[in-house]
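Report on the structure given below.
The values are calculated or read from the model by the stated rules, or taken from the named source; none is laboratory data. Everything numeric in this text was worked out from a predicted model, so none of it was measured. Here Cβ is always computed from backbone atoms with ideal geometry, including for glycine, and neighbour counts include all displayed protein chains. Surface areas here come from the heavy atoms of the whole protein model, side chains and all, with no ligands, DNA or RNA. Shrake-Rupley method; radii C 1.70, N 1.55, O 1.52, S 1.80 Å.
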Amino acid sequence: MSADADLALAKTLREALRVKRKALVDDYAATPNAALYLAEHARLVDGVLARLWRHMAFSPELTLAAVGGFGRGELYPGSDVDLLILLPTEADAALREKLARLVSLFWDIGLEVGHSVRTIAECLDEAAGDITIQTALLEGRRLIGNAARYRDFRARFIQRLDPKAFFSAKQLEQEERHQRYQDTPYSLEPNCKENPGGLRDLQNILWIAKASGYGANWRELKTGQWISQDDYIQLQQCEHFLRNLRIRLHLLTGRREDKLLFDHQEALAGVMGVVSPDARRPSEVLMQTYYRNAKRITQLNAIFLRSVAADLFPVANAAPRPLNARFRVLGDTLDLTHVKVFEEYPSAILESFQLLQTHPELRGMSARTLRALWHARVLVTPGFRQNPENRRLFLGLFQGERGVVHAFRRMNQHDILGNYLPAFGKIVGQMQHDLFHAYTVDQHILQVLRNLRRFAVEEFAHEYPYCSRLHNAFARPWTLYVAALFHDIAKGRGGDHSLLGMEDARAFCVEHDVASEDAELIVWLVGAHLQMSQVAQKEDIANPEVIAAFARKVGNARRLTALYLLTVADIRGTSPKVWNNWKASLLEDLYRLTLRYLETDAPTPPQGIIQERQAEAMNRLRYFALSDTVQDRLWKQFDTVYFLRHTAEEIAWHTRALHYRIDIDKPVVKARVYPGGGLQVMAYVRDGPDLFLRMAAFFARVGYSVADAKLHTTRHGYALDSFILLDVANNASDRDMIAFIESELSLRLSEAAPPETPAHGRLSRQVRHFPITPEVHIHPDERGDQQVLSLIAIDRPGLLYHIAAVLARHHIAINAARISTLGERAEDTFLISGHALEKRRSRLKLEQDLLEALSL
């Protein structure tokens, strides 16, 4: 057969395939029927492959089979065509050449083929030790060729298949796959095929069912009573949704793309006809539907696998041990005494979670208990919620000595939590497009609950020892857990979610007979849960007036401790990128300073605070064998603002470095590892124009982000500026960078050259798809002496430099800076002064220029 004939046929088939594929897509767009599209697409390719096979005139002893997803009779727009060519014996040279021509033709006509060529013996031997091959062959079907030989191969393969080994291998494979995706369906850019709750979890049910002889599809599983009628409907709905989603995603991207990237979510919502019923984006509605779908799949998957495990691996000689009239222990699981327990006694729904809390030897629920609980979720009605016994049981779950987080995660997984608290049900699967939350609202709430509980567990005391000590000394810590559950429960409703959440928490406390003192704390915590992080990250906590104002808001030490613990847990629960040692240090410092203020009968006036700090600084200087007068000349150059803004330890550090260099001509730069993480850098140099701008440019170019800046000008005209720097460029260790920064920054400050503009860097995909509108606010400080500049913008390399450049052009002096980064969002606060702030016109121009710089 000539090469010309091959090329001619390839050209004809390629064009026919293109036309018919387009017709299938057009039909699907007009009437979206995923099952029909997948079957018709597979049938189309079946025909093309059969025609190629006949064209090559292979021996009738050979067989061409479809395996994998294609073997199921499904073919997505961007999926590979998986094929197996079965040979009676080893291929000779002529056959190998012929097979190579066939594979070449596959690609010539536009098919992305994954193929293997094996004898029957090779195939069976390789499958024996490879679960991937077993799974692919399990779904195999003959396309063309020797039917008798394929039937024989199929029979021998099924005969060799060990259902128990297959089940164990597939269960392990699923666990490993879930671990690769952090064991959660709720990532913001999930893989709709591989993530927990994706298509692969549905396919795993059918693979195990088929290998075990239970059935090959949902209908057969229902007939065999492996799934209920309700399960059958739910599984079909879940499968239908994911099939349509994946088809649309492939068509939208023009390739095999299974990850729901931010780049595609809005467009997907559009082509799927998703309409938002409220202020949310259509993409948020789509993703909430996806997460709820994924949750149903993970639950149904777990129930089925538990049922199969009980059938394949029955517990030998396991006599049930009664717990009460409703529950018993079966092996190491909680089991119902009979299948209608929940129907006859609905309170047993909550009791089941309580029993798992009080019996740590139980690793979970039996298969029939899981199934019954899944079906019993509809029994959690308004009447159920009003039942005093149920309210007692629900509140008791917060108060358990162990298993609190597991209980609430299980309740959320089974839809019990969202049904018992309808407000919680509304935020299940709700995305948060704020560039720093990495989880959906419900998962973030449960993560915060988990973080609080870890403070109580001895094994995790090393993580945050101070928080653990405070938590263990805190009376009735369950109040913190209730506050955690409600702190973000009102997100997405519009308005201030803290205030709306307070109303929900107040109603809950009334309904559940929470004592007034505890109810007041819970409601206050929900309303105030953002205040501590805002003060710590945006205000100068070395300023006694800031501490006094915050202490007045908090009111007492119990509230302060509760707010501190909730704040740490909350920030840690947003995203691994948001929490760092610097923020931990800020919050702990704010807590300690405020606690000291609250525990002092008569708060120390500013002059007294200055004297205390000077005395403590002197004590520190004595450790270095310095005289009691070493500081006199230097401290005469500092005003009261310096002593109020710096800690005693910082004052001592500055004094050690500068007491003999007060009038030095060369810049003095000192750096050290900061206890809260990063570096602390001090620069002492004759004051001059653009000084802050030049230092901001230098820090940006060496890969450090400024987290905090204290800028001071002495009475004799020297700038003494201190910075906390965080590494954002994965430099060498901070300690190794000290000598470099001291020498290079000294050199830069000695030169008269203009500052070097830092590189722009690339913005993340999240920023491109969820942009932040820059905000600029200028208002007087509490005394009215200076102005406070507050900025919100997308964080990017060199942002502080561009802000400093605008301020320098307007001759604005920066006296202090607090830089707060939440994921991709920068919220920076500056204490500024200058003549341009005195006139409305020049002030407006400053704001406009800042907005322009932030928008770049």
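Computed values, structure above
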| read-out | value |
| --- | --- |
| Segment 411-522, Rg to Rh (Cα coordinates; Rh as Kirkwood inverse mean 1/r) | 0.98 |
| Phi to ³J(HN,Hα) by Karplus 6.51 cos²θ - 1.76 cosθ + 1.60 over segment 288-302, Hz, x for Gly, Pro | 5, 4, 4, 5, 5, 4, 5, 5, 4, 5, 4, 5, 5, 4, 5 |
| Mean Cβ neighbour count within 10 Å, used as a protection proxy, ranking 553-559, 838-844, 543-549, 21-27 highest first | 543-549, 553-559, 21-27, 838-844 |
| Size of charge dipole - segment 330-442 - debye, nearest 20, with Cβ of Lys, Arg +1 and Asp, Glu -1, no other charges | 140 debye |
| Apportionment of accessible area to carbon and sulfur, segment 575-656, percent (1.4 Å) | 50 percent |
| Distance from segment 286-363 to segment 786-856 (C-alpha centre basis), Å | 57 Å |
| Among Ala148, Ile158, Gly129 the positive-end extreme of the charge dipole of segment 122-179 (Cβ point charges) | Ala148 |
| Percent carbon-and-sulfur accessible area, segment 224-378, ignoring ligands, DNA and RNA, probe 1.4 Å | 52 percent |
| Cα-based Rg / Dmax (Å) for segment 367-473 | 16.0, 45 |
| Scaled radius of gyration (Cα, divided by 2.2 N^0.38 Å) that segment 573-715 gives | 1.18 |
| Cβ-placed point charges (K, R +1; D, E -1), dipole of the chain about Cα centre in debye, nearest 20 | 1320 debye |
| Segment 168-180 - phi-based ³J(HN,Hα) in whole Hz, Karplus 6.51/-1.76/1.60, Gly and Pro as x | 4, 5, 5, 5, 5, 4, 5, 4, 5, 5, 4, 4, 4 |
| Amide H within-cut-off set for Asn191, under 5 Å, with H built and near neighbours excluded | Leu260 |
| Three principal axis lengths of the chain [C-alpha, angstrom, descending] | 103, 77, 53 |
| Estimated FRET transfer efficiency when R0 is 35 angstrom, pair Ala615-Arg715 (beta carbons, to 0.05) | 0.95 |
| Unit charges at the beta carbon, dipole of segment 550-630: most positive-side option, Gly573, Val630, Pro606 | Gly573 |
| Karplus-derived HN-Hα couplings along segment 390-397 (A = 6.51, B = -1.76, C = 1.60, θ = phi - 60°), whole Hz, x at Gly and Pro | 5, 5, 5, 5, 5, 5, x, 5 |
| Amide H contacts of Thr119 (H built 1.01 Å from N, under 5 Å, at least 5 apart or other chain) | Leu87 |
| Positive-pole candidate from Gln432, Gly418, Val448, dipole of segment 410-513, charges at beta carbon | Val448 |
| Electrostatic dipole magnitude of segment 10-130 [Cβ: Lys, Arg +1; Asp, Glu -1; Cα centre; debye, to 20] | 660 debye |
| Amide H contacts of Leu83 (H built 1.01 Å from N, under 5 Å, at least 5 apart or other chain) | Val67, Gly114, His115, Ser116 |
| Greater than 28 Å apart at Cα, pairs in Lys11/Lys259; Lys222/Lys340; Lys666/Lys710; Lys426/Lys583 | Lys11/Lys259; Lys426/Lys583 |
| Value of Rg to Rh for segment 617-699 (Rh from inverse mean 1/r over Cα pairs, i.e. Kirkwood) | 0.97 |
| Length added when fully stretched, Arg160-Glu112, from 0.36 nm per residue minus Cα-Cα | 14.2 nm |
| Whole-percent carbon and sulfur share, accessible surface of segment 1-56, 1.4 Å | 58 percent |
| Per residue solvent-accessible surface (Å²) - the chain, probe of 1.4 Å | 44 Å² |
